[in-house]
Amino acid sequence: MIDPVVMFFLLGIAAGVLRSELRLPVQVYELLSILLLLAIGMKGGIELARQPFLALVPQMLAVIAMGFALPLLAFPVLLYFGRLPRTDAASIAAHYGSVSVGTFAVVVAWLSARDISYEAYMPVFVVLLEIPAILVGIVLAKGLGSGDSLRRSAHEVLLGKSIVLLVGGLLIGWAAGEEGLKGIAPLFFSPFQGLLALFLLEMGLVTASQLGTLRRYGLFLLGFGVLAPVVAAICGLVLAWLLGLSVGGAVVLATLAASASYIAVPAAMRISVPEANPALSLAASLGVTFPFNVVVGIPLYHWLTRHAYAIFGGS
């Protein structure tokens, strides 16, 4: 049976394709984003307070290394097989090297609905994976001489809404702890599934708006948008196994690797690589990869993880 929150996403796509008048007010969408990001951050902060920080450093460095590697793997495929202009190939590679907070929220909800535990400090990895791919994308597009663009993009990313809210939530959760946050739990934690359902309804509407771009640019982006996340998920799964993560933690890391950014990276690319066509990146990430991960990818990554851990061993 399809998860109810995924049904909301499919409802949004159907409404968009049928040109329904259904729309969420911009202010409502902004509020949903803020609440989800803060809730994810605070949950991670609560768990982070329980962990010895130095023990997490090797995992954090490994995840950052993956963030640099994924766009480097995607770029030659886009450039030589897709025959895209260098700037567009670099921009799309940056999108696929970064992460989707919306997809992260879905995989967390998917695991929780099935009582599958995972390492709750995973929001730390979300923050870490936002930045490396953007820096790689700028260098791929403009070369190593683009120091000014790197500085401006780093400023845009580090002070962007998603990073500020995630890091802020982490710090609040880490400082206050579970007991300290009990008073605001009814606002942020209890309605998490409902907030996510409304968020995915809007994302379905946005996804439907990108389908026209996919029709214009052919089958390559469709194939890339499906195959790239699977390959990236396998990379994330291998890293999770090497780091000794649980099955649930491996599913989360695989999903993070498979996801593609549609918030932080588009904003950074608009500033640093304005000649890149944003319609191509958003059509692939929102029009193909996001729905693929939400509907098919997450169950697939869980299936792959269970079988890989059964064969090779793992917690």
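The values are calculated or read from the model by the stated rules, or taken from the named source; none is laboratory data. Since this is a predicted model, take the numbers as computed values, not measurements. Glycine also receives a Cβ, built like all others from the backbone with ideal geometry; neighbour counts cover every protein chain displayed. The accessibility values were calculated without ligands, DNA or RNA, using every heavy atom of the protein model including side chains. Shrake-Rupley method; radii C 1.70, N 1.55, O 1.52, S 1.80 Å.
Structure above, values below:
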read-out: Among (1) open to solvent by 30 Å² or more (accessible area, probe 1.4 Å); (2) modelled with pLDDT under 85; (3) aliphatic (A, V, I, L, M), the one test that Ala175 misses; value: (2)
read-out: Some residue of the range 112-120 being more than 17 Å from Thr289 (Cα to Cα) and modelled with pLDDT under 85; value: yes
read-out: Residue that is within 23 Å of Val238 (Cβ to Cβ) and either modelled with pLDDT of 80 or more or open to solvent by 10 Å² or more (accessible area, probe 1.4 Å) (or both), where the choices are Tyr262, Tyr309; value: Tyr309
read-out: Search result, residues across the range 83-101 that are farther than 19 Å from Leu253 by Cβ and in a loop (DSSP other than H, G, I, E, B); value: Arg83, Leu84, Pro85
read-out: Qualifying residue in the range 34-46 (condition: among the hydrophobic types (A, V, I, L, M, F, W, C), over 20 Å from the mean Cα position of the chain (by Cα) and open to solvent by 80 Å² or more (accessible area, probe 1.4 Å)); value: no
read-out: Residue in the range 24-31 that is outside any helix (DSSP H, G or I) and within 23 Å of the chain's Cα centre (by Cα) present; value: yes
read-out: Residue among Leu79, Leu56, Leu37 that is in contact with a Lys or Arg (Cβ under 7 Å, 6 or more places away or on another chain) and of a type outside the set (D, E, K, R); value: Leu79
read-out: Candidate set: the range 73-82, residues that are assigned to a helix (DSSP H, G or I) and out of contact with any Gly (no Cβ under 8 Å at 6 or more places or on another chain); chosen: the one least open to solvent (accessible area, probe 1.4 Å); value: Leu78
read-out: Which listed residue, of Gly204, Gly223, is under 25 Å from His307 (Cβ atoms) and small (Gly, Ala, Ser); value: Gly223
read-out: Subset tally (residues that are assigned to a helix (DSSP H, G or I) and either over 24 Å from Leu70 (Cβ atoms) or open to solvent by 20 Å² or more (accessible area, probe 1.4 Å) (or both)) for the range 110-123; value: 3
read-out: Hey, Val252 in contact with a His (Cβ under 9 Å, 6 or more places away or on another chain), of a type in the set (Val, Ile, Thr) and farther than 27 Å from Leu79 by Cβ or not; value: no
read-out: Count of the range 1-24 residues which are open to solvent by 70 Å² or more (accessible area, probe 1.4 Å), without any contact (Cβ under 8 Å) to a residue 12 or more places away in the chain and farther than 23 Å from Ser112 by Cα; value: 3
read-out: Qualifying residue in the range 206-227 (condition: buried (at least 24 other Cβ atoms within 10 Å of the Cβ), in contact with a Leu (Cβ under 7 Å, 6 or more places away or on another chain) and of a type in the set (S, T, N, Q)); value: yes
read-out: Flag for Val63 being among the β-branched types (Val, Ile, Thr), in contact with a helix residue (DSSP H, G or I) (Cβ under 6 Å, 6 or more places away or on another chain) and modelled with pLDDT of 90 or more; value: yes
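Quick grid of which residues meet (1) under 20 Å from the mean Cα position of the chain (by Cα); (2) part of a helix (DSSP H, G or I); (3) within 25 Å of Gly137 (Cβ to Cβ); (4) at pLDDT below 85:
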site: Val157; (1), (2), (3), (4): yes, yes, yes, yes
site: Ile163; (1), (2), (3), (4): yes, yes, yes, yes
site: Leu166; (1), (2), (3), (4): yes, yes, yes, yes
site: Leu171; (1), (2), (3), (4): no, yes, no, no
site: Glu179; (1), (2), (3), (4): no, yes, no, no
site: Ile184; (1), (2), (3), (4): no, yes, no, no
site: Leu187; (1), (2), (3), (4): no, yes, no, no
site: Ala197; (1), (2), (3), (4): yes, yes, no, no
site: Thr207; (1), (2), (3), (4): yes, yes, yes, yes
